[in-house]
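This report concerns only the one structure given below.
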Amino acid sequence: VGSVKGKDLLTWFDYSSTEVKKLLELAGALKSLAKSDVHPPLLVGKTVGLIFEKHSTRTRISFEVGVNQLGGHAIYMHARDLQIGRGEPVSDTGKVLSGYLDGIMIRANSHKMVEELAHAATIPVINGLTDLFHPCQALADLLTIHEIKGYLQGQKLAYVGDGNNVAHSLIIACAHLGVNVSIASPLGFEVDSSILAKAQKLAVLNGSTIETTMNPIEAVENADVIYTDVWTSMGQEEETAARLQAFEGYQINEELVQHAKPDYLFLHCLPAHREEEVATSIIDGTHSAVFQQAENRLHAQKAILASILS
Ligand code: CP
Ligand code: NVA
């Protein structure tokens, strides 16, 4: 996907629908090759820094393995071990790392901080989760839906739960691909209104809609895909009790899924809290593709890395 070479990936708003579609095709192609043990050496001689301010299983390992499979080298850094952990300005860090690395992936608390880093760095910066967005996750999600359903345009995805980082990136990615979205969140936990408005405009251009409701049954009605994420994200632990109360009635369980299409697909970015946002019988049931979805992080990110860095 030549047109994205050298670009940052902070949010899918910065990419065209054509670029997102092409990245998805590339992800599928790289996955097929990997299944036959073919790993195109697209990042030979390249070093990618992976900076984390928070925990991670999928993002860290899939990025390390992805860079490695493409022939490059990945360096894991926890922010507390870097001088940013002692107050060195993010902009200085970005300039310094630009002298050593070919690209940076960062998981940070604040999206603003990542914007500052990307502004200062002369190398591409890829968002591996901020308070506002999780673009790499959304590409893997679309890849999974496409693999299982065969097409994306016109599918109905119901997102039930917190209007968080994962929800934001998911609605933008769906808007690029013409996937209809219905979001059900409780009062006070809705998706950001300006992100929603922008995603809705994009959806119209691609022939789809993004609707919001407070009623999970309405969102799930006739859905092809049901998606949820944790009610308490990393860093919100002290709000756990209040959130458990606010999200009562928003659990994906046997009763709620009765309203979806009989062949509905269940997705969750993971890690999950079983018996909170999703019943064990659903996430571990026959409609769930959460582990295929997790694996697809690897293939989606290889497409991103190869396109941006090679
Ligand atoms: N879904 C996801 O980003 O998982 P990790 O927090 O394990 O990276
Ligand atoms: N919303 C979750 C996603 C984790 C991958 C969080 O921010 O903790």
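The relative contact order of the chain, computed from alpha carbon pairs under 8 Å that lie at least 6 residues apart in sequence, is 21 percent. Ordered by the number of other Cβ atoms lying within 10 Å of each residue's own Cβ, fewest first, Leu9, Leu244 fall into the sequence Leu244, Leu9. Helix 193-205 versus the longest principal axis of the chain: what angle, 0 to 90°, nearest 10, using Cα atoms? Relative to the chain, helix 193-205 is tipped by roughly 90 degrees.
Loop-located chymotrypsin sites (Phe, Trp or Tyr not before Pro) across segment 142-205 with a Cβ neighbour count of 12 or fewer within 10 Å are Tyr151, with loop assigned by DSSP. Ranking of Thr240, Thr47, Thr144, Thr93 by neighbouring Cβ atoms within 10 Å, starting from the fewest: Thr240, Thr47, Thr93, Thr144. Considering segment 2-133, its Cα convex hull presents a mean projected area of 8.0 nm². Comparing Asn127, Asn109, Ala175 along the charge dipole axis of segment 94-213, the residue lying farthest to the positive side is Ala175, per the Cβ-charge model. Angle, helix 135-149 long axis vs. longest principal axis of the chain, Cα atoms, 0 to 90°, nearest 10? So the helix axis and the longest Cα principal axis differ by about 50 degrees. Between Gly285, Gly161, Gly103, the GNM of the chain built on Cα springs shorter than 10 angstrom shows Gly285 fluctuating the most. For Gly72, the amide hydrogen comes within under 5 Å of the amide hydrogens of Leu43, counting only partners 5 or more places away or on other chains and with H modelled in the peptide plane. Taken about its Cα centre, segment 123-202 carries a charge dipole of roughly 280 debye when the Cβ of each Lys and Arg holds +1 and the Cβ of each Asp and Glu holds -1.
Among the GluC sites (Glu not before Pro) in segment 216-250, those located in a DSSP loop and surrounded by at most 16 other Cβ atoms within 10 Å of their own Cβ are Glu221, Glu248. GNM on the chain, alpha-carbon springs under 10 angstrom: the most fluctuating residue among Ala241, Ala184, Ala199 is Ala241. Per-residue Cβ neighbour counts within 10 Å put Ile195, Ile106 in the sequence Ile195, Ile106, beginning with the fewest. Helix 165-177 and the long axis of the chain differ in direction by around 90°, with both axes built from C-alpha atoms. The ellipsoid that matches the Cα gyration tensor of the chain has semi-axes, each √(5λ) in whole angstrom, of 31, 22, 18, with the longest given first. With 21 Å as the limit, the listed pairs Lys7/Lys46; Lys54/Lys112; Lys95/Lys198; Lys156/Lys302; Lys149/Lys261; Lys46/Lys95 have Lys95/Lys198; Lys156/Lys302 beyond it between alpha carbons. In whole angstrom, note down how far apart the Cα centers of segment 64-101 and segment 212-278 are. For segment 64-101 versus segment 212-278, the Cα centre distance is 35 Å.
All of the numbers you see were taken from the coordinates with simple rules; none came from a lab. Note that the structure is predicted; figures quoted are calculated from it, not measured. For neighbour counting, all protein chains shown are included, and Cβ atoms are generated from backbone atoms with ideal geometry for every residue, glycine included.
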